[in-house]
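**Student:** Below are the structure tokens for one structure; questions will follow.
The values are calculated or read from the model by the stated rules, or taken from the named source; none is laboratory data. All figures in this text were calculated on a predicted structure; none of them were measured in a lab. Every residue, glycine as well, gets a Cβ built from its backbone with ideal geometry; the counts of neighbours run over all protein chains shown.
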Amino acid sequence: MAESKAEEGRKGITARKSENFSEWYTQVIEKTEFVDYTPVSGGLAFRPDGYFVWETVQRATDALFKKAGILNVYFPMLIPEHLLEKEKEHVRGFAPEVAWVTHAGKSKLEERLAVRPTSETIMYESFAKWIRSWRDLPLRTNQWNSVIRWEFKHPTPLLRSREFMWNEGHTVFATREEAEAERDQILGIYEKVLKEYMALPGIAGRKTDSEKFAGAEASYSIEHLIPDGWAIQGPDFHSDGQNFSKAFGIEFINKEGKKEFAYQNTFALTTRELGVMIAVHGDDRGLVIPPRVARIQAVIVPIYTGENRELVLRAAKSLAETLSRSVRVHLDDRDAYSPGWKFHNWELMGVPLRMEIGERDIKAERVVAVRRDTLEKREVKLKDVAEGVGAILDEIHENLYRRAKRFMEENTHEVKTYAELKKVVEGRSGGIAQAGWCGSAECEAKAKEETGAKITNMPFDAQGRARGRKCVVCGASAKFIANFARSY
């Protein structure tokens, strides 16, 4: 008898993360109830567990934005072609990625409409109307939406999707100094959310000119390192200067009564972080979801026989009621599956904590708690269960962050020669090669062409070490410390 798709999916992960990361990641996506493929290439369906993570990240980020004085707006997803072309560098950067609407029914549109790859052009047409005086500034807005970018051939679920959800912040200031001061605030918000909710570390720094956002003066990013040794860009921030304000006529009368163009920033965090979370924390058993973003933080699995079923289920329901006051808890009281099957299934799904309770546990007034991150078992007294579970969930979060940070640090290698750089980035385990760089586009391009590694960013915390260093490519005096890595 053929197995159902559901039963096939519950067989678990057969690939080893350390041996074949790509196959492991594919199996995790296919066999867990986190996201699902759809008939649209590069477009995913977010199932409840996956969407809950995004909702939690969204709420946390949004609250910090509002506290900082950034307010939400919303603009149309269709952008007239003439608007997209107003800022030439911007449109050149996005032209290969744009999906176009050309017809309404059988009627051809007079002007093509771009499906939003990003919203600068349509938003700034309005900003030019809203801003007249220095009294209208700063204007600090954000919108939560989805965008479509169609430029690549082989999408990777979450890590490189054609449609993804994100925040896009758009802010306008009267002076360059005010605009530039926002950078550290926004990157700080992103770092806080990544650390405190997703247990993800990152490396903050400036992007090179060749890697900056189309239309920006300077771009900054938080970069992650994936267990396959490749880097991937996380949240970013772009200092746009007056490039867009000049293109869209965003002018204001300053305090001296003179007209001048405004200064602008843009910034974003995307659902790519969910893919990073899966890749960094998951293991050979499946997902490992950090407790603060998990839809189910603790699952209760009652262990009973036909004789003591009612006794154990009453105790399990009482335990669930107690925990529900402080924890997102689920009682798995399905009779159709054995406790062992349930253990395996909830491990595959990545639930942070499993609570086992049987007749012997009831008599001993305890429950057995099993951590998903370490599979460690711990007995918790029923009278202390709420406090005990809360403490264990915090321990899991801290351990996941500590483990991820240690991996990133152990695989970031300071190198001084081109041969050392190649050895790191071309090696089986990959990683980040941190090296001196003269700042020339030629050296950057040569390294990328010959090794496949690009400069992910120039980390803020390493620039003090540039003095006295040599460019790892050409040997000239280094102006920067740069991180080289193969990157998604």
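**Student:** LEU84 passes all but one of (1) surrounded by 16 or more Cβ atoms within 10 Å (Cβ to Cβ); (2) modelled with pLDDT under 95; (3) over 25 Å from ASP236 (Cα atoms); which number fails?
**Tutor:** (3)
**Student:** Which of (1) outside any strand (DSSP E or B); (2) at pLDDT 95 or above is the odd one out, the single condition GLY306 does not satisfy?
**Tutor:** (2)
**Student:** Still on this model: If you scan the stretch 40-60, which residues turn out to be modelled with pLDDT under 95 and surrounded by fewer than 18 Cβ atoms within 10 Å (Cβ to Cβ)?
**Tutor:** Listed by number, the residues that qualify are VAL40, SER41, GLY43.
**Student:** Continuing with this model, one more query. Please enumerate the residues belonging to the stretch 173-198 that are closer than 21 Å to GLU55 by Cβ and touching an Asp or Glu at 6+ places or on another chain (Cβ under 8 Å).
**Tutor:** LEU194, MET198
**Student:** What's the number of the only condition in (1) crowded, with 20+ Cβ neighbours inside 10 Å; (2) under 19 Å from GLY234 (Cβ atoms); (3) in contact (Cβ under 8 Å) with a residue 60 or more places away in the chain that ALA179 fails to meet?
**Tutor:** (2)
**Student:** Does GLU191 fit the bill of being surrounded by fewer than 22 Cβ atoms within 10 Å (Cβ to Cβ) and not in a loop (DSSP other than H, G, I, E, B)? Show your work before the answer.
**Tutor:** Numbers: surrounded by fewer than 22 Cβ atoms within 10 Å (Cβ to Cβ): yes; not in a loop (DSSP other than H, G, I, E, B): yes.
Yes.
**Student:** A further question follows. Considering every residue within the stretch 197-208, establish whether at least one is of a type in the set (D, E, K, R), closer than 18 Å to ARG272 by Cβ and outside any loop (DSSP other than H, G, I, E, B). Spell out the reasoning first.
**Tutor:** Residues of the stretch 197-208 of a type in the set (D, E, K, R): 206-207.
Among the residues that remain, those that are also closer than 18 Å to ARG272 by Cβ are: 207.
This time we only want the ones that are outside any loop (DSSP other than H, G, I, E, B), so: none.
There is no residue in the stretch 197-208 that is of a type in the set (D, E, K, R), closer than 18 Å to ARG272 by Cβ and outside any loop (DSSP other than H, G, I, E, B).
Each row is one residue, and each column tells you yes or no for (1) in contact with a Pro (Cβ under 9 Å, 6 or more places away or on another chain); (2) not aliphatic (A, V, I, L, M).
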| position | (1), (2) |
| --- | --- |
| ILE203 | yes, no |
| ASP209 | no, yes |
| ILE232 | no, no |
| SER239 | no, yes |
| SER245 | no, yes |
| PHE248 | no, yes |
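**Student:** Could you please find all residues in the stretch 131-175 being more than 14 Å from the chain's Cα centre (by Cα), modelled with pLDDT under 95 and assigned to a loop (DSSP other than H, G, I, E, B)?
**Tutor:** ARG149, TRP150, GLU151, PHE152, LYS153, HIS154, PRO155, ARG162
**Student:** Test each condition in (1) under 22 Å from the mean Cα position of the chain (by Cα); (2) farther than 26 Å from PRO201 by Cα; (3) among the aromatic types (Phe, Trp, Tyr) for PHE407 and report the one that comes out false.
**Tutor:** Single failed check for PHE407: (2).
**Student:** For the stretch 403-415, indicate whether the set of residues that are surrounded by fewer than 20 Cβ atoms within 10 Å (Cβ to Cβ) and of a type in the set (Val, Ile, Thr) is non-empty.
**Tutor:** yes
**Student:** Moving on. Return only the number of the condition from (1) over 17 Å from HIS238 (Cα atoms); (2) surrounded by 20 or more Cβ atoms within 10 Å (Cβ to Cβ) that ARG135 does not satisfy.
**Tutor:** Unmet condition: (2).
**Student:** List every residue pair whose Cβ atoms sit under 7 Å apart, with the two residues 6 or more apart in sequence or on different chains, where the first one lies in the stretch 11-36 and is without any contact (Cβ under 8 Å) to a residue 12 or more places away in the chain and the second, anywhere, is surrounded by fewer than 19 Cβ atoms within 10 Å (Cβ to Cβ) and not in a loop (DSSP other than H, G, I, E, B).
**Tutor:** Cβ pairs passing all conditions: ASP36/ALA45.
**Student:** For PRO76, indicate whether it is outside any helix (DSSP H, G or I), in the same structural domain as GLY249 (by TED's automatic domain parsing) and surrounded by 18 or more Cβ atoms within 10 Å (Cβ to Cβ).
**Tutor:** Working: outside any helix (DSSP H, G or I): yes; in the same structural domain as GLY249 (by TED's automatic domain parsing): yes; surrounded by 18 or more Cβ atoms within 10 Å (Cβ to Cβ): no.
Against the criterion (outside any helix (DSSP H, G or I), in the same structural domain as GLY249 (by TED's automatic domain parsing) and surrounded by 18 or more Cβ atoms within 10 Å (Cβ to Cβ)), PRO76 does not qualify.
**Student:** Identify the single condition in (1) buried (at least 19 other Cβ atoms within 10 Å of the Cβ); (2) free of Cβ contacts under 8 Å to residues at least 12 places away in the same chain that LYS258 does not satisfy, given that it satisfies every other one.
**Tutor:** Tallying (1) buried (at least 19 other Cβ atoms within 10 Å of the Cβ); (2) free of Cβ contacts under 8 Å to residues at least 12 places away in the same chain, LYS258 fails exactly one: (1).
**Student:** Across the stretch 381-392, what is the number of residues that are in contact (Cβ under 8 Å) with a residue 12 or more places away in the chain and either surrounded by 20 or more Cβ atoms within 10 Å (Cβ to Cβ) or assigned to a helix (DSSP H, G or I) (or both)? Steps first, please.
**Tutor:** Step one: filter the stretch 381-392 for residues in contact (Cβ under 8 Å) with a residue 12 or more places away in the chain, giving 381-383, 385-386, 388-390, 392.
From the residues that got through so far, the ones that are either surrounded by 20 or more Cβ atoms within 10 Å (Cβ to Cβ) or assigned to a helix (DSSP H, G or I) (or both) too are 382-383, 385-386, 388-390, 392.
Adding up the residues that qualify gives 8.
**Student:** Quick one: which of LYS454, LYS448 is without any contact (Cβ under 8 Å) to a residue 24 or more places away in the chain, closer than 29 Å to LYS153 by Cβ and either in the same structural domain as GLY275 (by TED's automatic domain parsing) or basic (Lys, Arg) (or both)?
**Tutor:** Details: LYS454 fails: without any contact (Cβ under 8 Å) to a residue 24 or more places away in the chain.
Of the residues listed, the single one that is without any contact (Cβ under 8 Å) to a residue 24 or more places away in the chain, closer than 29 Å to LYS153 by Cβ and either in the same structural domain as GLY275 (by TED's automatic domain parsing) or basic (Lys, Arg) (or both) is LYS448.
**Student:** Only one of (1) modelled with pLDDT of 95 or more; (2) within 26 Å of GLU19 (Cα to Cα); (3) touching a strand residue (DSSP E or B) at 6+ places or on another chain (Cβ under 7 Å) fails for GLY439. Which number is that?
**Tutor:** (2)
**Student:** Is it true that ILE289 is surrounded by fewer than 24 Cβ atoms within 10 Å (Cβ to Cβ) and part of a loop (DSSP other than H, G, I, E, B)?
**Tutor:** Details: surrounded by fewer than 24 Cβ atoms within 10 Å (Cβ to Cβ): no; part of a loop (DSSP other than H, G, I, E, B): yes.
For ILE289, the condition - surrounded by fewer than 24 Cβ atoms within 10 Å (Cβ to Cβ) and part of a loop (DSSP other than H, G, I, E, B) - is not met.
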